[in-house]
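The values are calculated or read from the model by the stated rules, or taken from the named source; none is laboratory data. Just so you know, these numbers come straight off a predicted model, no measurement behind them. Don't worry about glycine lacking a Cβ; one is built from the backbone with ideal geometry, like all the others, and counts go over all protein chains shown. Surface areas here come from the heavy atoms of the whole protein model, side chains and all, with no ligands, DNA or RNA. Shrake-Rupley method; radii C 1.70, N 1.55, O 1.52, S 1.80 Å.
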Amino acid sequence: MRGLERKRGNDMKKILIVIDMQNDFIDGSLGTDQAQAIVPAVIRKIRSYPAENVYATRDTHPVDYLMTQEGKYLPVEHCIEGTDGWQIRPEIAELIPDDHVFNKPTFGSAEMAQVLRETLQSEKTEIELVGLCTDICVISNALLLKAVMPETRISVDPACCAGVTPEKHQAALETMRSCQIQGI
């Protein structure tokens, strides 16, 4: 089941989800200095988890992205499936099992949330999120996970996230605090 490992006993299972650490968001068409700056911290965070407990999302758009609703509001081609910009940064990708990556055509991964909910429903679990962009895809996935797993502790590490701007990063963190996303 998508590489999710079951843990026995009463120990708390800790899952890390790496959101959209892709070339286009780091130093490509939508890259920022803030996104580039968090790469080393994200790598350290990933290495602090067992590989089998690390998952990732990959923003995935078709070649006609600019014709989609999102493309009309954000008319910058990015993360077009199969391109270099779509790839997860190589030094990050090598730390995440291939079957732990969820392609997502929109801000939040409903597939990932459903798989985690079904697989982890009988376990005590904490989920931590890191990645890009705090104010779009990180917040969307955090709130989606909280909605489908309301009793699961969901947290975000602000030092391992970057927003479209520093101000939007802070605003997203504040919104997540209001929705009981912890660790911020």
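Structure above, values below:
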quantity: Carbon plus sulfur fraction of accessible area for the chain, probe 1.4 Å, in percent; calculated: 51 percent
quantity: Theoretical FRET efficiency, 1/(1+(r/R0)^6), r = Cβ-Cβ of THR175 and ASN103, R0 25 Å, to 0.05; calculated: 0.45
quantity: Amide H contacts of ASN103 (H built 1.01 Å from N, under 5 Å, at least 5 apart or other chain); calculated: ARG58
quantity: The chain: Cα Rg divided by the 2.2 N^0.38 Å rule of thumb; calculated: 0.97
quantity: The chain: most fluctuating residue of GLN36, GLN69, GLN170 per GNM, C-alpha cutoff 10 Å; calculated: GLN69
quantity: Choice from ALA113, ALA159, ALA35 with maximal GNM fluctuation in the chain (Cα, 10 Å cutoff); calculated: ALA159
quantity: Full-extension gain in nm, ALA37 to ALA93, via 0.36 nm per residue minus C-alpha separation; calculated: 18.4 nm
quantity: Extension reserve of the GLN114-TYR73 stretch, reckoned as 0.36 nm per residue once the Cα distance is removed; calculated: 12.0 nm
quantity: Mean separation of Cα contacts under 8 Å (6+ apart) over length of the range 44-184, as relative contact order %; calculated: 20 percent
quantity: Label-point gap, in nm, between ASP27 and SER48 - each point 7 angstrom along Cα→Cβ; calculated: 2.5 nm
quantity: Semi-axis lengths (Å, descending) of the ellipsoid that matches the C-alpha gyration tensor of the range 1-100; calculated: 29, 16, 11
quantity: Net charge over other residues, Cβ less than 12 angstrom from the Cβ of VAL63 (K, R count +1; D, E count -1); calculated: -3
quantity: Chain lengthening between GLU123 and ALA159 when straightened (0.36 nm per residue, less Cα-Cα); calculated: 10.2 nm
quantity: Mean ellipticity per residue at 222 nm, deg cm²/dmol - from DSSP H runs of n ≥ 4 across the chain, formula -39500 (n - 2.57); calculated: -9500 deg cm²/dmol
quantity: Residues of type lysines that LYS45 reaches as a straight line, Cα spacing below 22 Å, ignoring anything fewer than 8 places off in the same chain; calculated: LYS7, LYS13, LYS14, LYS124, LYS146
quantity: GNM top mover of VAL18, VAL115, VAL42 - the chain, alpha-carbon springs below 10 Å; calculated: VAL115
quantity: Residues whose placed amide H lies under 5 Å from that of GLU126, excluding near-sequence neighbours; calculated: LYS13, LYS14, ILE15
quantity: For the chain: accessible area per residue (Å², 1.4 Å); calculated: 48 Å²
quantity: Cα gyration tensor shape for the range 116-184, rounded if a/c is under 1.5, else prolate or oblate; calculated: prolate
